[in-house]
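Asks: First, the structure itself, so that you have it in front of you.
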Amino acid sequence: MTEALIHKTAENSGHTAAATQPVESSAAPVPADVPLSSGDVEAAVHAIADRSRHAARRMAMANRAWKDRALRAVGTALQESTESILTANAMDVAAGKANGTSAAMLDRLTLTETRIAGLVSALENLANLPDPVGNVVRGQTLPNGLRLRQVNVPMGVVAAIYEARPNVTVDIAGLALKSGNAVILRGGSAAQATNEVLVRVLREALESVDLPADAVQTVDQYGRAGANVLMKARGRVDVLIPRGGRELIQTVVTNSAVPVIETGEGNVHIFIDESASEDMAVEILLNAKTQRPSVCNTVETLLVHSGSRVLPAVAAALRKAGVRLHTDERTRAALPASIESEPATDEDWATEYMDLDLAVAMVDSLDEAVSHIRTWSTGHTEAILTNDLSNAERFISEVDSAAVIVNASTRFTDGGELGLGAEVGISTQKLHARGPMGLTELTTTKWIVQGEGQVRG
């Protein structure tokens, strides 16, 4: 059972947040070392949410210069705290190894000086991006003289539940701050030591620029029971974003009373049509599979047109890089005997490996490739490698995923790579946000109507 599975004891005791209206509270959370009843946890998490709502009101009034100053203060604080962050992270990684955590999850859990520098760079990129708050989505003047504007405004209180990804703590907090929100984090027990240090650094940096420390809070000290209460805190929390494996995401979607933006697992496909060049296919597949196999935009299934001649070179390069191939019968027959593979099953077509494994199938047409993708895709990212413009256009039109890529690695489905500064997650749903979720996706809209005494007839 993963950290994602949330016990239901807390939600079945006492009233839920959905049954009450939020009230302002300055009470401190119950200390984490005190045994807590479900009612104690509920009261503590509600107090955190109420302080977040108060902080969100202040964040909504902060101008761009103020928020950008906060982001740069956080970046500086992360650099100055690198040693303490890495010390805490080493504890989490050691505990993960002792608990038998998979290599893919350990990779996500691990921070290095380079990765911390990457977080600092992402914060600087966020500071350089336009402020979405106040952006006019559309507007017009009606025949009766009313002037209308629909503008972006902050969501308010954004909560995030995720697992074993301390980088997400900084990414989500940075995006929330720039978009004028407050954020409540539940980062899971696997990264608890790291996240404790990161949250402290974030809060101190906010205070240093006279913004509310309570714009960044965590419920990690209340464990799974705290996550349960957070999911039920409708009216106190405006939106909840789960980020992690399928188990975590479905648990949150199923049990949450708070509106959820669903991020999805990445069963990602690349289709090589018969016109694709060998050099491009080899380079892209190696990048898409091996550059960082533990993340959601790595390719998991390769579809190769039966008329293509690139399969042996692609397979040889992947095997040399340590990739284990799971192939259908036609693919195995087309490969030299020196290239090892194992038979693929339906489970392979459905699996998000997050490791150096790749399912490979041969198809006879673009239609067959699209059909396979429709059957097995999670709607995350699909790519086609082709020199045929009509095939590229058909693939774009007929494949219904959050991101569709032509002649490039699937690893580009990422907020930072697409110019968003960072991302909260990659949404595979179709309401409000789809694909990498950056600053604009953490805002909603408000209608502003200005008149001169008009009344409705």
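Each value in this text was obtained by applying a stated rule to the coordinates, not by laboratory testing. These numbers were taken from a predicted model, which means no experiment stands behind them. Positions of Cβ are backbone-derived with ideal geometry, glycine not excepted, and every protein chain shown enters the neighbour counts.
Asks: According to the square roots a ≥ b ≥ c of the eigenvalues of the Cα gyration tensor, what is the shape class of region 22-178, taking rounded for a/c under 1.5, prolate for a/b larger than b/c otherwise, and oblate for the remainder?
Replies: oblate
Asks: Just one of (1) 146; (2) 176; (3) 154 is volume of the Cα convex hull per residue in Å³ as worked out from the coordinates here. Which one is it?
Replies: Looking at volume of the Cα convex hull per residue in Å³ for this model, the match is (2).
Asks: Express in nm, to one decimal, how much length is gained between ALA90 and LEU148 on full extension, taking 0.36 nm for each residue of separation and deducting their alpha carbon distance.
Replies: Full extension from ALA90 to LEU148 adds 15.5 nm.
Asks: Between the alpha-carbon centers of region 422-442 and region 233-247, tell me the distance in whole angstrom.
Replies: Between the Cα centre of region 422-442 and that of region 233-247, the gap is 13 Å.
Asks: Non-local amide H neighbours of VAL260 (under 5 Å, H modeled in plane, Pro and chain starts lacking H): which ones?
Replies: LEU240
Asks: Here's something else I'd like to know. So how far, in whole Å, is the C-alpha centre of region 98-175 from the one of region 330-399?
Replies: About 32 Å separates the Cα centre of region 98-175 from the one of region 330-399.
Asks: What residues have an amide H closer than 5 Å to that of SER275, excluding those fewer than 5 places away on the same chain, when H is modeled at 1.01 Å from N in the peptide plane?
Replies: Residues meeting the criterion, in which the H sits 1.01 Å from N, are ASN387.
Asks: On to the next question. Say R0 is 25 Å: what FRET efficiency, to the nearest 0.05, do SER37 and ASN255 get from their beta-carbon distance?
Replies: Plugging the Cβ-Cβ distance into 1/(1 + (r/R0)^6) gives 0.80.
Asks: List the residues whose amide H sits under 5 Å from the amide H of ALA344, counting only those 5 or more places along or on another chain, with H placed 1.01 Å from N in the peptide plane.
Replies: THR327, ASP328
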